[in-house]
Structures are given as structure tokens and as C-alpha cells.
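Here the structure is laid out as C-alpha cells; the discussion comes afterwards.
The values are calculated or read from the model by the stated rules, or taken from the named source; none is laboratory data. Nothing here was measured: the structure is a model prediction, and the numbers come from that model. Neighbour counts run over all protein chains shown; Cβ positions are idealised from the backbone, glycine included.
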């Protein structure tokens, strides 16, 4: 949660004025490739969300509800970040905090209903009880028939002081993740006894963000490991928050690259510790720079689209209103350091700078409105990419055959002429074009080409395309499951499509290119000759006898292992983590029959935000992502069956994905 009227955690730096569009220099043509066969995840009915807070006097008003409806907001979270752990719903109080008039639950739900949205409600864990939460469920869903589906158990409870920092209220004597998890089970049992159809969420830490990776004294593991191991079987989804920060616009906008690996790591943790499938929500997010100006809008559009594509079912912007912070000028526009979507109409303490009138939309509001034009509930995102790193591309396929393409130009000065190509989709010549540029107060709508468009500097553009001819084909197959995964093989199985005489094509995504591995009339396929330690994304497509094809199935993502038998084995462990760095321990075992005399161990970091800082028990060198450790004099010989240990200090500024492959003197080792 970002408190109202608090100073920003991230410094805002004034930048130069934007070049007016008429003077902006166009870059060489950018190629955008869209592949409708490369299916990603589908859009949920709660994908585009926002946060509301009980200290906001505008909560539930018709004016705000209508603005949320106009932006296509699908979910509203209540009662507001850390206030949730001091808030008592029956009397609309938050001891120790301010509660504005007319912000009680019924007023909130009136606004939700007027906006055509749905509620995400946070039960008070910090100073509340399971009974209080169960009574809230009864009031909401039995007495009032509000049909509130999603219920979180507390907010940011890892901030209760257990790891040192304390901002979250928690009256429980035991503030460990184990205590939180055990209490979550009690909350879930009490709440589902009232309404078994509700979905319960437990708080996790976001990979690459404090205190992810930290093991506090007395704990059996990290917060996520402990919470998922104990509470995982009792809940339905997990809760992440993400404030990625940034030293400037370019740095802040680059953080969306973290999404794929962060979600991948959380899914792995869920599988490993909860042993069931859990939904993933991101119920607080905001930009690290230019919160009220175009960088905030560009970040919001790219982040929401990336998170939806990865399968996050709700993304909730912090906040609808928040309050003025540190002011600056960003690309010619006033930025108020306000984490709200809408202006609060306030002034700095010295009165020198004032926000525009109450409820004036800031730039990220228009980004959410653009997202609702781009991706609608039930749409399936498909792979899209641009040749220019300053252009972000996303695409979504609709049930009626339309295809939407969202383009984000992150260059503040240069227009980008774009040529679009399509695989697995044939668009009509013209497209409906929605645009929002730097400083704009609305989204404009025009008609343009389906294959070319010029993106203004610092702009959002969505093309909505119609297909040529009728779009019919078999129903798409079910999501494949990957089993018997080894270093080089994996067996895929899936639920069949309705119909007879179907063949199934198996496609691996490689960027925006799909590589067809094979086809079969069965609902299982074994892929061979895969690369060890490699992450694969695979779809299945059904084809009927006339050649018509289905949409791509939802994807399966799996990673191959390392050789079961090798002359060496490596165990890599994070043994002491502090949130942006850690001590790593590496055991090298000679599993062969001959001594190893003189050795070199090589590996690479999986991401650009990981680095080697120092090491011991050997000679270490690091070039880019590549790391090499060579023996010291005292450990140059590893006898058969013997193990030597080396160590390093690593750093990271995003999801800390462990290296998958290690080679010893050029031989690929078994990773344990």
C-alpha cells in the first residue's frame, strides 16, 4: 500500500520537454509480428482492476463509479491496502486511521454495481478474527446477495515486523509466516462454512522484491515456502504486490520484463509447496516513475497486458485517489507524484503547486481505458513482438474472430512507423485505431490500415482488426500437461476437442515463431531431442478434415532437466538472502570413476538483472551473464565420489531465477 499524502518511495526527476509531434523525427520502420497460433492465457472477468480506500471521501460516488465504468474497470478492491488490517466492516471504523464519511461497505458496493464491476474484499487479519470475516461473508453474500467472489486474508503481512520492517498491523503474538498460514486456514474454514463458493487468497511475496528469498530466524523457509506449505491446500489463489521502482522513465518502463520470470517462479513455488493449482492475483501495482504522466500510462498498459498474458487473473492499480506527493515535470507535463488514477484536487503543503480539479483523470486512467478496448473477458492473448526494443507489442484474439493489437511506443522523442505481419490470421485491409498520446486527455478513434501505422512518441495505440471471410473451426483443445520430463524428452497430454476425424498439431513457441513438433490423432505426444535446462512453451491446435484449425490451446510451460547420469553433479543453493543479494553455495561432486585433476565450472545467469559480485574457494571470472570458477590449489583434485564446495555472493534486481545448467570441464553436469 502507498499511504495517502505520503512522500514517494521513488525520487521523481524532472526531464526535458517532449518534442512536439509535428517536429518528432521518425525512426526507421519497425516490424511487429503477431502469431495467432502462439496462444497465451485468456482474459478473466476481473482482469482490469483498481483499489479503493475508506479514507477516500469519493469512494462509491456516482462520479467515480461512472469514470470506472467508462474505463472498463472490472474489479474494485476494498477497503484499502494496510487499512484492511485495522478496518472493522460492521461499524466502518479503522482505529488509528481516518475513515471518510459514506465509505462503508454498502456505499462501496453501490459504486461497484453502478460501474458494472465486481468486488475484491480484504478481510481484516491484523486486528480482526475469523468470525468477523465470516460475518462479513454472510452479510455480503447471504443477506445482501452481493455475490462477492474474491476474499483476501490480510494485506502485506510480511510487513508485520517479522523481517525487521513493520508497517502492517498484526496483533498476533506470533508474526511468523507459519502463524499467518495456520490462521489463514481458520479464516478460510469459517468463511467457506458460510459460502463455499467464495475464493480465498493468501498473501505471498513477489519474486525479486523484499522480503522474497529471506529466511528469518526460526522459520522453516521463506515466507512463500512456509505459507504455501501450510495454507496452500486451504486457499484458492495467492496475492502479490508490485512496486518495481525506477531511477527514471526508461528504467521504470524496463521493469515489465520481470513479469514472465516472476510468474514462472510463483507457479513453481505453488506446485512444489501447495501441490495444487492456485490462481495468481496482483492486487497492488503502480509505476516507479511519472505516476500521473505518460510513463505511468505506458507502464500500466504494458504491465497489465504482460500479466494477463502470463495468467494473472486480476491486476489492481493503486489507487483510485491517493494524494499529491513530490511534484515535477515529465516530458512537458506536470506530474504530482500521486499514486491515484484520479486527481484528489489537493495542493503541496506550501500551496505552490495544486492538482487539477477533483476526479480529473491522470494518464494511467487512460491506459486502463485503452486496455479495456484491447482485451475483453474471454479473449485469448497471443504472441506479438516488435523489432525495436522501445516498442512493446501485445495481441488478443476475440471469440467473434476479431484480433486486437496493442502497441506501446516508449520513445519520448521519435515517432515509430510500424509494419505489421500476421501468422495464423488474415485481417481485412482496414482497422479501427485507438490512440492516446503524451498529454492527451482522451482516447481518439480513427480508421487505419491493418498492416501499417505510425506510433506517435510516448503513445499507446490499439488496432482492432476484422478477419477476412468466416472464422470457423474445431473447438480448441484443452491445456496440455507435461509429464515424464527429462533432460531431452517430455510427454504432453490434453483434453480432446469436440468432433471426429481431428488431428492435433503440437506447436512450440520460439519468440513469435511457432515450431511444429509434430501431429497426431491421439491426445498424447512425446517430444524428443529437447535441450536440457530449457523452458518450453507449447500449444496444441486441432485441425479437421477440411483443413480448418482451432484456436491454440492454453499453453503449457515446462523446463527440461539435466542428465540423470553424468560424470559430475552440482547442487546450487541460496543459503543467505537479504532481498537484493545472497550468499550462494555450490557443491561439485565427482560422480565418475576417475579423479578430476584441475577443473573449471561454468554457468550463466538466466536474466539480465542477475550478477556475480565475489566468490571464494576458487578463482572466479565473470563476463556479462557468463560465470567461470576455476579450482584453487587446495581443491584441484576431486576424487571419485568426493565433493568440493565453492561459494559466491550474487546480486539481483528482479526475479532471482537459479541457473539451470552447469558444465565441468565442458561436461554437462546433473543439477541436483
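Using the structure shown, decide if residue 118 is touching a strand residue (DSSP E or B) at 6+ places or on another chain (Cβ under 6 Å), farther than 20 Å from residue 361 by Cα and crowded, with 16+ Cβ neighbours inside 10 Å.
Yes, satisfied.
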Unique match (being in a loop (DSSP other than H, G, I, E, B), at positive phi and modelled with pLDDT of 95 or more) among 164, 128: 164
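Okay, residues lined up against (1) assigned by TED's automatic domain parsing to the domain that holds residue 222; (2) under 23 Å from the mean Cα position of the chain (by Cα); (3) buried (at least 18 other Cβ atoms within 10 Å of the Cβ):
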site: 528; (1), (2), (3): no, no, no
site: 534; (1), (2), (3): no, yes, no
site: 541; (1), (2), (3): no, no, yes
site: 578; (1), (2), (3): no, yes, no
site: 586; (1), (2), (3): no, no, yes
site: 608; (1), (2), (3): no, yes, no
site: 615; (1), (2), (3): no, no, yes
site: 626; (1), (2), (3): no, no, no
Residue in the stretch 426-436 that is outside the structural domain of residue 260 (by TED's automatic domain parsing) and not in a strand (DSSP E or B) present: yes
Checklist (1) out of contact with any strand residue (DSSP E or B) (no Cβ under 6 Å at 6 or more places or on another chain); (2) touching a residue at least 40 places away in the same chain (Cβ under 8 Å); (3) in the same structural domain as residue 83 (by TED's automatic domain parsing) applied to residue 357, failing item: (2)
So residue 121, is it part of a strand (DSSP E or B) and touching a helix residue (DSSP H, G or I) at 6+ places or on another chain (Cβ under 8 Å): yes
Wholly enclosed strands (runs of 3 or more DSSP E) of the stretch 590-672 bearing at least 2 residues under 23 Å from residue 486 (Cβ atoms): 600-604
Counted residues, the stretch 562-576 - those being under 23 Å from residue 482 (Cα atoms) and surrounded by 19 or more Cβ atoms within 10 Å (Cβ to Cβ): 1
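Can you pull out every residue in the stretch 465-477 that is crowded, with 19+ Cβ neighbours inside 10 Å and not in a loop (DSSP other than H, G, I, E, B)?
465, the sole residue that qualifies.
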Filtered residue count, the stretch 380-401, keeping only those that are over 18 Å from the mean Cα position of the chain (by Cα) and over 25 Å from residue 411 (Cβ atoms): 5
Scan of the stretch 171-199 for residues that are within 24 Å of residue 140 (Cβ to Cβ), in contact with a helix residue (DSSP H, G or I) (Cβ under 7 Å, 6 or more places away or on another chain) and part of a loop (DSSP other than H, G, I, E, B), ordered by number: 195, 198
Only listed residue being exposed (fewer than 15 other Cβ atoms within 10 Å of the Cβ) and part of a loop (DSSP other than H, G, I, E, B), chosen from 518, 501: 501
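Going through 369, 399 one at a time, which residue ends up being in contact with a helix residue (DSSP H, G or I) (Cβ under 9 Å, 6 or more places away or on another chain), within 20 Å of residue 44 (Cα to Cα) and either assigned by TED's automatic domain parsing to the domain that holds residue 58 or without any contact (Cβ under 8 Å) to a residue 40 or more places away in the chain (or both)?
Result: 369 is the single residue among 369, 399 that is in contact with a helix residue (DSSP H, G or I) (Cβ under 9 Å, 6 or more places away or on another chain), within 20 Å of residue 44 (Cα to Cα) and either assigned by TED's automatic domain parsing to the domain that holds residue 58 or without any contact (Cβ under 8 Å) to a residue 40 or more places away in the chain (or both).
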Every residue from the stretch 522-536 that is farther than 10 Å from residue 488 by Cβ and assigned to a strand (DSSP E or B): 524, 525, 526, 535, 536
Every residue from the stretch 212-229 that is on the phi < 0 side of the Ramachandran plot, part of a loop (DSSP other than H, G, I, E, B) and crowded, with 22+ Cβ neighbours inside 10 Å: 212, 222
Checking residue 511 against (1) buried (at least 20 other Cβ atoms within 10 Å of the Cβ); (2) farther than 24 Å from residue 483 by Cβ; (3) outside the structural domain of residue 660 (by TED's automatic domain parsing), the condition it does not meet: (1)
Test result for residue 138, assigned by TED's automatic domain parsing to the domain that holds residue 320, more than 20 Å from residue 167 (Cα to Cα) and in a loop (DSSP other than H, G, I, E, B): no
Matching strands (runs of 3 or more DSSP E) fully within the stretch 230-339 where at least 2 residues are under 18 Å from residue 204 (Cα atoms): 237-242, 279-285, 314-317
Residue within the stretch 77-100 that is touching a residue at least 24 places away in the same chain (Cβ under 8 Å) and within 30 Å of residue 405 (Cβ to Cβ) present: yes
Members of the stretch 628-646 that are buried (at least 17 other Cβ atoms within 10 Å of the Cβ) and touching a residue at least 40 places away in the same chain (Cβ under 8 Å): 629, 638, 644, 646
Complete set of residues in the stretch 27-44 that are more than 21 Å from residue 553 (Cβ to Cβ) and not in a strand (DSSP E or B): 27, 28, 29
